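Visitor: Take a look at this one; I'll ask things after.
The values are calculated or read from the model by the stated rules, or taken from the named source; none is laboratory data. Owing to the predicted nature of the structure, the values given are computational and were not obtained by experimental measurement. Cβ placement follows ideal geometry from the backbone for every residue including glycine, while neighbour counts extend to all protein chains displayed. Remember, those area values only see protein heavy atoms, side chains included, never the ligands or the DNA or RNA. Shrake-Rupley method; radii C 1.70, N 1.55, O 1.52, S 1.80 Å.
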Amino acid sequence: MDEFFLHLQPLARRHPSELQVAHLGNMPKKSHFVRREFSTYNFSFVFRGTGFYEWRGTRYPVHGPTVLRQWPAEPMHYGPRGTWHELYVVYSPAAADTLARRGYVARDRPLWSIGDTRGVQHHLDELSRLLSKPAALADQIDRIDRCCEQLILESLMGAAAAPVEGSADRVASLRRWVEIHWRDDHDFDELARRHGLSPTHFRRLWQRSVGVPPHRFLIEGRLRQACRALAQTDARIAEIARTHGFADPLHFSRRFRAFTGESPSTYRRRYRASLRF
C-alpha cells in the first residue's frame, strides 16, 4: 500500500459495528519521532523496521512486526531507527468501553510482537483490496471497520501463538539484541518478561551463558565501540563519551580505564603510535 491518511469517522455506516474506525493511515517509510499525548485510542502496526517505544520512563525496543498502542492522557515517545513501515488505526474516545471489554487495551501491555503473521497478513491483504478504489470507500466502510478489528485480534492471537523458544535460545536472542542496540538503554527485567522469563530466572541464565551481568555487558559493549571510535576517528573524547552512552566524560574515563587499564587519551596515542611503527 502507498502512503495515505483517511478520515473515516464522517462516513455513514449501513451496518454499524461497535468499533468504528475514525482515522486510518499508512506510512511505508516513516522517519519521524512522535512525542505527545493523544486524545484517541490508536493501534500502530509496525510491519518492518526497528526503533523504540518509551512509556512511563521505560524504553522498549521495537522490531517489526510489532503493534504499538497509544491511549488518551498518557505521554508517548516512539519512532524508528532510520525508517519503518507503519499502518495506524485510530478510534475515538467513545470506543473505550468496547476496546476494554474485548481485551484490546490492557494498560500493562503497551506493545506486543507478532510471532505468527499469517492471520494479520490475510486481513492486511483484504484491507488493501478494500482501499484500492477510494471512490468506493463509502460502500466499503462497514467491511473496513471489521477488517481493522480483525487486524488487532489477529495480531494478539499471533502474539499468543508465537513459537516457544527454549530458555537458552531466548537468552541468546536477547544477547544479540543488546549487541545490536548497544546505544539504547534497556530495562532487562521488562525484556525478560516480554520473552517469557522471570527476571530472576533470566539473570541466572544470562550469568551462566554470558559470564557478566546484563548491565555490565551493555556497558562493556559501549566501551568496545568507544575503543574503535578512539582508534579510527578524530572526534573529541567528550563527544565520543556522549555518543556512546556516557553523559559525564569523567565517568566515561573512569569506566574506560577500568575496562582497558589506561585512559582514553593514552589508548588513542598508543594505538596511533603502533600504526606509525
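Visitor: Would you be able to tell me the number of residues in the stretch 178-188 that are open to solvent by 40 Å² or more (accessible area, probe 1.4 Å) and either in a loop (DSSP other than H, G, I, E, B) or aromatic (Phe, Trp, Tyr) (or both)?
Guide: Qualifying residue count, the stretch 178-188: 3.
Visitor: A further question on this structure: Cβ-Cβ below 9 Å, separation at least six or inter-chain, first residue in the stretch 234-262 and open to solvent by 50 Å² or more (accessible area, probe 1.4 Å), second aromatic (Phe, Trp, Tyr) and part of a loop (DSSP other than H, G, I, E, B): which pairs?
Guide: 255/246
Visitor: In the stretch 189-211, how many are part of a loop (DSSP other than H, G, I, E, B) and open to solvent by less than 40 Å² (accessible area, probe 1.4 Å)?
Guide: 1
Visitor: So, in the stretch 5-42, of the ones that are among the aromatic types (Phe, Trp, Tyr) and open to solvent by less than 90 Å² (accessible area, probe 1.4 Å), which residue ends up farthest from residue 141 (Cα to Cα)?
Guide: Only one residue fits best here, namely 38.
Visitor: Taking residue 1, is it touching a helix residue (DSSP H, G or I) at 6+ places or on another chain (Cβ under 6 Å) and either more than 18 Å from residue 143 (Cβ to Cβ) or not acidic (Asp, Glu) (or both)?
Guide: So residue 1 fits the description; yes.
Visitor: Taking the criterion of being more than 22 Å from residue 59 (Cβ to Cβ), part of a helix (DSSP H, G or I) and polar (S, T, N, Q), would at least one residue in the stretch 233-242 satisfy it?
Guide: Within the stretch 233-242, not a single residue is more than 22 Å from residue 59 (Cβ to Cβ), part of a helix (DSSP H, G or I) and polar (S, T, N, Q).
Visitor: Looking at (1) open to solvent by 10 Å² or more (accessible area, probe 1.4 Å); (2) closer than 16 Å to residue 21 by Cα, find the lone condition where residue 108 falls short.
Guide: Residue 108 satisfies all of (1) open to solvent by 10 Å² or more (accessible area, probe 1.4 Å); (2) closer than 16 Å to residue 21 by Cα except (2).
Visitor: For the stretch 111-142, name all the residues that are in a helix (DSSP H, G or I) and open to solvent by less than 50 Å² (accessible area, probe 1.4 Å).
Guide: 119, 120, 123, 124, 127, 128, 130, 136, 137, 140, 141, 142
Visitor: Hey, among 130, 151, 111, which residue is in contact with a strand residue (DSSP E or B) (Cβ under 8 Å, 6 or more places away or on another chain) and within 22 Å of residue 3 (Cα to Cα)?
Guide: Among 130, 151, 111, only 151 is in contact with a strand residue (DSSP E or B) (Cβ under 8 Å, 6 or more places away or on another chain) and within 22 Å of residue 3 (Cα to Cα).
Visitor: Listed residues 58, 83, 50; which is modelled with pLDDT of 95 or more and of a type in the set (Ser, Thr, Tyr)?
Guide: Residue meeting the stated conditions: 83.
Visitor: Restricting attention to the stretch 223-232, does a residue exist that is open to solvent by less than 50 Å² (accessible area, probe 1.4 Å) and not in a helix (DSSP H, G or I)?
Guide: No, the stretch 223-232 contains no residue that is open to solvent by less than 50 Å² (accessible area, probe 1.4 Å) and not in a helix (DSSP H, G or I).
Visitor: If a residue counts only when it is within 20 Å of the chain's Cα centre (by Cα), which strands (runs of 3 or more DSSP E) contained entirely in the stretch 1-105 have at least 2 such residues?
Guide: 23-30, 34-36, 41-48, 50-55, 58-63, 66-70, 76-80, 84-91
Visitor: Consider only pairs whose beta carbons are under 6 Å apart and that are at least six residues apart or on different chains; among these, list those whose first residue lies in the stretch 170-189 and is in contact (Cβ under 8 Å) with a residue 60 or more places away in the chain and within 23 Å of residue 55 (Cα to Cα) and whose second residue is open to solvent by 50 Å² or more (accessible area, probe 1.4 Å) and among the charged types (D, E, K, R).
Guide: So the pair list comes out as 185/59.
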